[in-house]
Amino acid sequence: MKVLVSLCVFVPLLVLATAEEEEVLESILRDRSHIEETLRLAADEQAGDYAASLQRLRKIYHNSIRPMEQAYKYNELRQHEISDGEITSKPMVLFLGPWSVGKSSMINYLLGLQDTPYQLYTGAEPTTSEFTVIMHGDKIRTVEGIVMAADSSRSFSPLEKFGQNFLEKLIGIEMPHKLLERVTFVDTPGIIENRKQQERGYPFNDVCQWFIDRADLIFVVFDPTKLDVGLELEMLFRQLKGRESQIRIILNKADSLATQDLMRVYGALFWSLAPLINVTEPPRVYVSSFWPYDYAPDTSCELFKREEISLLEDLNQVIENRLENKIAFIRQHGIRVRIHALLVDRYVQTFKDKMSFFSDPELVFKEIVDDPDKFYIFKSILAKTNVSKFDLPNRAAYRDFFGINPISSFKQLSAQCSYMGGCLLEKIEKAITHELPGLLSSINSGKNPTLSSCEATGCGEKPKNRYRRN
């Protein structure tokens with residue numbers, strides 16, 4: 001009986017202590033209302049218009065760009081095949097940086113996952129060893145990397161090329177969240193400078209490059225204790241060349257320092273990164289502490305709050321412009337495919353002009369591939385078509401390209417026409433100059449994009465071939 005009485009007395013005390021702890025915890029948690037307000041999580045989107053625009057974009061790609069892409073094997077030059085999943089995918093936000101700088105904590109904070117069973121594991125030691133994709137789903141569940149790669153409706157099927165060892169290090173987390181309806185987060189393993197790439201068991205840099213090429217926004221996160229730049233981080237910034245507009249540098253855990261020390265750390269961060277970022281305008285740097293707990297006292301709380309809101313506005317801008325960015329990306333891809341086809345056409349034409357009855361085909365074509373400038377292959381493209389010299393691919397890439405694909409396997413552009421299907425070159429030029437800009441204009445003007453009568457039913461118009469020899 002005495003034992004029962006003592007237990008009855010102890011249980012209310014335990015409940016009271018737990019309630020007090022919860023009150024203390026709630027008092028130190030930061031207000032999250034600005035996140036929902038800045039990211040407009042309560043706003044209803046016009047899903048129908050967005051889906052119609054994506055369908056229109058997908059149709060333009062499949063009808064006008066992909067046939068040229070396949071005819072001239074563009075994927076073997078660039079190793080970037082666009083799938084339906086990539087066209088319809090949500091904007092991707094990629095988190096990179098050294099270990100334990102707060103990447104996972106930042107995702108937990110943005111999604112409100114802290115102190116829930118679904119939060120990403122965090123700690124002072126290196127904790128994330130997988131590439132973790134956080135995406136929207138009807139219910140909370142974990143998706144294995146092998147399943148993600150096998151699902152053609154997703155945009156991750158090309159990751160199979162990195163092998164089964166990598167797929168075991170790839171994990172997806174689905175959950176019903178308003179923010180994840182509009183964006184996908186990718187958390188990456190932290191960079192550990194004393195670890196060799198081969199120790200990971202898969203090509204880490206190649207995998208990072210795959211995600212970098214497809215990311216709409218790239219957060220490179222540092223904290224005041226990890227500002228040194230080693231070989232792996234230097235290699236990562238080399239891979240980020242040309243993507244400076246998508247990069248945002250984050251100096252996290254800023255409230256762990258006094259104001260004067262923070263200014264010194266800020267300068268040291270720029271000094272470390274200056275040799276790696278050779279652009280006129282450096283990437284934007286955000287200084288704050290991105291986790292759910294209140295800022296430390298006697299720190300620049302107002303500055304950190306404004307920096308956080310600026311970062312959220314930056315993220316929201318990417319989300320709001322996701323359709324425009326998709327159209328611009330497909331148009332840029334179409335321009336590259338068109339240039340590639342024009343170059344292959346020029347190689348084929350030069351080869352035919354140089355061949356005679358007694359010529360050795362291999363020697364003739366080797367001479368052309370080894371010195372294309374001698375035959376004005378690249379210069380002729382600039383002279384005859386509206387192509388910028390800055391968009392021309394590397395000449396050496398075509399030596400490898402034709403090493404795999406014999407010149408005899410390609411037709412000239414003048415032969416890539418059919419009565420019902422039209423000319424490949426005419427169709428891709430129409431997509432670049434009229435259809436994609438028109439789709440972009442319809443979105444900006446608020447009009448619902450619809451299919452024209454010819455696109456819906458198909459017009460049997462005889463193709464006009466401007467490249468046929470008279």
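Checking the structure you have, find out if any residue of region 117-134 is small (Gly, Ala, Ser), open to solvent by less than 80 Å² (accessible area, probe 1.4 Å) and within 19 Å of GLU81 (Cβ to Cβ).
So in region 117-134, the residues small (Gly, Ala, Ser) come out as 123-124, 129.
In the following step, the residues that additionally are open to solvent by less than 80 Å² (accessible area, probe 1.4 Å) were identified as 123, 129.
Now restrict to residues that are within 19 Å of GLU81 (Cβ to Cβ): none.
Looking through region 117-134, none of the residues is small (Gly, Ala, Ser), open to solvent by less than 80 Å² (accessible area, probe 1.4 Å) and within 19 Å of GLU81 (Cβ to Cβ).
Among the residues of region 182-203, what is the count of those that are at pLDDT 80 or above, farther than 19 Å from LEU120 by Cβ and over 16 Å from the mean Cα position of the chain (by Cα)?
The total comes to 3.
Give SER245, SER152 a once-over and let me know the one that is more than 27 Å from SER289 (Cα to Cα) and hydroxyl-bearing (Ser, Thr, Tyr).
When all the criteria are applied, what remains is SER152.
So which pairs qualify, if the first residue must be in region 292-313 and assigned to a loop (DSSP other than H, G, I, E, B), the second must be of a type in the set (D, E, K, R) and at pLDDT below 95, the Cβ gap must be under 7 Å, and the two must be at least 6 apart or on different chains?
PRO292/ARG30; ASP294/ARG30; TYR295/ASP255; ALA296/ASP255; THR299/ASP255
Give the residues of region 282-330 that are under 30 Å from ILE443 (Cα atoms), open to solvent by 50 Å² or more (accessible area, probe 1.4 Å) and of a type in the set (Asp, Glu), sorted by residue number.
Within region 282-330, GLU313, GLU320 meet the criteria.
Output the residues belonging to region 291-313 that are in contact with a strand residue (DSSP E or B) (Cβ under 7 Å, 6 or more places away or on another chain), of a type in the set (Gly, Ala, Ser) and under 18 Å from ILE28 (Cβ atoms).
Across region 291-313, there are no qualifying residues.
Taking the options LYS379, LYS366, LYS326, name whichever one is farther than 24 Å from GLU426 by Cα, of a type outside the set (Asp, Glu) and either part of a helix (DSSP H, G or I) or at pLDDT 90 or above (or both).
The conditions single out LYS366.
Take residues that are open to solvent by 10 Å² or more (accessible area, probe 1.4 Å) and either touching a residue at least 12 places away in the same chain (Cβ under 8 Å) or out of contact with any strand residue (DSSP E or B) (no Cβ under 8 Å at 6 or more places or on another chain) (or both) and tell me which of the strands (runs of 3 or more DSSP E) falling wholly in region 154-226 contain 1 or more.
Here the list reads 170-175, 184-187.
The values are calculated or read from the model by the stated rules, or taken from the named source; none is laboratory data. This structure is a prediction, so every number in the text was calculated from the model and none was measured. Reconstructed Cβ throughout: ideal geometry from the backbone, glycine too, with neighbour counts over all protein chains shown. For the accessible areas, the whole protein counts, side chains as well, though only heavy atoms, and no ligand, DNA or RNA atoms are used. Shrake-Rupley method; radii C 1.70, N 1.55, O 1.52, S 1.80 Å.
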